[in-house]
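Working notes for the structure below.
The values are calculated or read from the model by the stated rules, or taken from the named source; none is laboratory data. Note that the structure is predicted; figures quoted are calculated from it, not measured. Cβ sites come from the backbone with ideal geometry, for glycine too, and all protein chains shown count toward neighbours.
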């Protein structure tokens, strides 16, 4: 029953329907001890959506015979055949355009980028051909497409293979941008993305693929779906709000653990949706805690944290007891050497330190050389 | 000049026999009228194209094109309408009623009209920004064109698209694209979906000689060939990519050969019958064998857009030369008069009707209001989930997306 209700909610059939409190309570209830890897979560979501709707098909490099560069599409070629699981040549601009054209006609493509770094070759199609079409055509040409793949830093892959694209795609009207953290997120958000009638950029994370999370029976149900545009409060707290998405949610939760030992109760918000951004959840949380730390892996300038900070200043300025703190990737191209790479990506200690600063519990750092 | 044979139930032996008879008949107007009325519907005319087709990796279709008086009349009417529409748009732009970009198609009408004659509305067409006439050919109305150009509610995109973003999805017209070359992979995607859905239809993806050098064309063509997609790439070669002549932009301007393993056909794009024949051939080919390239040798009288006079990179003599020798509307006019299907006066009357229809549509379009301010926020998404969007000053203007 809950599955059916949830399907209605994420199909958008009932706008403004506030069943969220009950649903949130249900979501926190995890009776089942079943563990699922994010990789498996994505695979099962793809499988179920392809099974449910014949218009859904998958295309990308190595998605078929290779079983997926990161094995996300394992078994799908065998199950659905080469007409629905297409291995493409290494031509992002071409195959992304083909995917968007197929979506114009009414199919529901899932286009995989081996990493989102390669999406830059196709970004014209994502923005100009997909995101803007419904608007420019006054509703005639809708584009029910999903662009998915790993985003952000992996391990030791260097500058050209490590960028986070959340801020770039998140700034574009006409796109929806999602970024899962847990297996529940991965399943629910990918299903929602595939069912959504608009273009969705789905930012996964390579290092999360192998991580396991507990999943309830409800999450495993084939009709399970999460609403787009709603953040999740992963951990409730009262002293400081920490927002994060994707891999950084895990770091923020670890930071919250460490902070709790020092008497700081941090509320961790898993954004889940970069666009639309759940401003109301973020603001409600800041109005409760009065302090905010934004965490992201991407470059700091014009980043997701910058938008969250401004949103809070615009809507909840009077509630802030301290300046908003921003933790982001270093403002440099990603270096290769392990020690430099470590400095280029946020670590748990960085989040802890920033939270303490927001709570006036540490001496601010002097500018370093 | 074109050689023609009048084929009817009483077959004539040789052209020398036919010509004197028809010449004699033409003296009697009443006889001619009865002849043309009976010739209107079922008579098949076979007319040769002005030039033979040049082919690459395939056998070209025959130069002899089957048509009928009715079809030729419709060609004239449609092309003359497109011509007048574009010229009217020129005036509207100069009167500042059309803003921004306006890329006119006059001179290239035969490509749009010939293509329509070979296909159905279930086949798809996608093109770039020189799309007004293609839109009209796909069943768009004059009102929708002028209103959209002027940014009014009655426009085909409700005023939110503009000149480069005309669409008519229900008639298989997928735009209208501003980014040079992007429409080619999109068109191959349409073809992919047609094949996936087993619709037995094809997609024509049109692009210019400027776009012919785009990498994404070759990326898409490779996939179309690999997957046998029913995609026809139509290079509307008007010999100038904005201000750059083809010989300055392309090492090899034989665009119909650029497909390498994909066959190609070079077509006189100013001859509507040649275009029809080529598109008919292409559709049959693509449904069985996958992609094909058609290169339409055509010409635009206007500059690249309304901000380009079009005479700094080519001579006025060249432009007037094409107008005199190869104009597509004039060619059909001559065919109609020489075959006694219509008189000069009848054709002039049709042109008068067209002028009137265009003027009326413009008047109607001027009456159409600009979009409501609330329209700023509509159609951003199909499903907005009640998410907030903002105007320039978000404390002043915000809306919930439906």
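Odds and ends about this structure:
- Test set (1) within 10 Å of another protein chain (Cβ to nearest Cβ); (2) assigned to a loop (DSSP other than H, G, I, E, B); (3) under 22 Å from the mean Cα position of the chain (by Cα) - residue A:114 fails condition number: (1)
- Flag if residue A:142 is within 9 Å of another protein chain (Cβ to nearest Cβ) and outside any strand (DSSP E or B): yes
- Residue selected from the range A:276-297 under the condition surrounded by fewer than 24 Cβ atoms within 10 Å (Cβ to Cβ) and touching a residue at least 60 places away in the same chain (Cβ under 8 Å), by the criterion farthest from residue A:172 (Cα to Cα): A:277
- Scan of the range B:165-175 for residues that are surrounded by 24 or more Cβ atoms within 10 Å (Cβ to Cβ), assigned to a loop (DSSP other than H, G, I, E, B) and more than 8 Å from every other protein chain (Cβ to nearest Cβ), ordered by number: B:166
- Scanning the range B:138-155 for residues that are surrounded by fewer than 24 Cβ atoms within 10 Å (Cβ to Cβ) and either more than 14 Å from chain A (Cβ to nearest Cβ) or more than 27 Å from residue B:286 (Cβ to Cβ) (or both) yields B:141, B:142, B:143, B:144, B:150, B:151, B:152, B:153, B:154.
- Failed criterion for residue A:163 (all others in (1) touching a helix residue (DSSP H, G or I) at 6+ places or on another chain (Cβ under 8 Å); (2) at the interface with another protein chain (Cβ under 10 Å from one of its Cβ atoms); (3) in a loop (DSSP other than H, G, I, E, B) hold): (2)
- Unique match (being farther than 15 Å from residue A:244 by Cα and touching a strand residue (DSSP E or B) at 6+ places or on another chain (Cβ under 6 Å)) among A:358, A:322: A:358
- If the condition is being buried (at least 24 other Cβ atoms within 10 Å of the Cβ) and more than 7 Å from chain B (Cβ to nearest Cβ), then the range A:93-111 contributes A:96, A:103, A:109, A:110, A:111.
- Checked against (1) closer than 29 Å to residue B:102 by Cβ; (2) touching a residue at least 24 places away in the same chain (Cβ under 8 Å); (3) surrounded by 16 or more Cβ atoms within 10 Å (Cβ to Cβ); (4) touching a strand residue (DSSP E or B) at 6+ places or on another chain (Cβ under 9 Å), residue B:313 meets all criteria but (3).
Conditions (1) away from chain A (no Cβ under 14 Å); (2) touching a residue at least 60 places away in the same chain (Cβ under 8 Å), marked per residue:
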position: B:291; (1), (2): no, yes
position: B:326; (1), (2): yes, no
position: B:352; (1), (2): yes, no
position: B:365; (1), (2): yes, yes
position: B:368; (1), (2): no, yes
position: B:382; (1), (2): no, no
position: B:394; (1), (2): no, no
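- Number of positions in the range B:176-194 that are more than 19 Å from residue A:91 (Cβ to Cβ) and part of a helix (DSSP H, G or I): 1
- For the range A:117-132, the set of residues classified as crowded, with 24+ Cβ neighbours inside 10 Å, more than 7 Å from chain B (Cβ to nearest Cβ) and without any contact (Cβ under 8 Å) to a residue 40 or more places away in the chain consists of A:122 only.
- Tally, over the range B:92-134, of residues that are part of a helix (DSSP H, G or I) and either within 22 Å of residue B:183 (Cβ to Cβ) or in contact with a helix residue (DSSP H, G or I) (Cβ under 9 Å, 6 or more places away or on another chain) (or both): 15
- Summed over the range A:256-275, the residues that are under 22 Å from residue A:311 (Cβ atoms), in contact with a helix residue (DSSP H, G or I) (Cβ under 7 Å, 6 or more places away or on another chain) and in contact (Cβ under 8 Å) with a residue 60 or more places away in the chain give a count of 5.
- Those residues of the range B:182-210 which are within 28 Å of residue B:146 (Cβ to Cβ), more than 7 Å from chain A (Cβ to nearest Cβ) and crowded, with 24+ Cβ neighbours inside 10 Å, in sequence order: B:183, B:203, B:204, B:205, B:206, B:207, B:208
- Single condition residue B:377 does not satisfy, out of (1) within 30 Å of residue B:91 (Cα to Cα); (2) within 14 Å of another protein chain (Cβ to nearest Cβ); (3) touching a residue at least 24 places away in the same chain (Cβ under 8 Å): (1)
- Any hit, the range B:224-233, residues being closer than 21 Å to residue A:90 by Cβ, touching a residue at least 60 places away in the same chain (Cβ under 8 Å), surrounded by 24 or more Cβ atoms within 10 Å (Cβ to Cβ) and at the interface with another protein chain (Cβ under 9 Å from one of its Cβ atoms): yes
- Flag if residue A:295 is touching a helix residue (DSSP H, G or I) at 6+ places or on another chain (Cβ under 9 Å), in the same structural domain as residue A:244 (by TED's automatic domain parsing) and more than 22 Å from residue B:395 (Cβ to Cβ): yes
- All of A:226, A:203, A:190 fail the test of being surrounded by 23 or more Cβ atoms within 10 Å (Cβ to Cβ) and part of a loop (DSSP other than H, G, I, E, B), apart from A:226.
- Only one of the numbered conditions (1) in a loop (DSSP other than H, G, I, E, B); (2) in contact with a strand residue (DSSP E or B) (Cβ under 7 Å, 6 or more places away or on another chain) is violated by residue B:200, and that is (2).
- Leading residue by the ranking (farthest from the chain's Cα centre (by Cα)) among those in the range A:166-181 that are surrounded by 23 or more Cβ atoms within 10 Å (Cβ to Cβ) and in a loop (DSSP other than H, G, I, E, B): A:175
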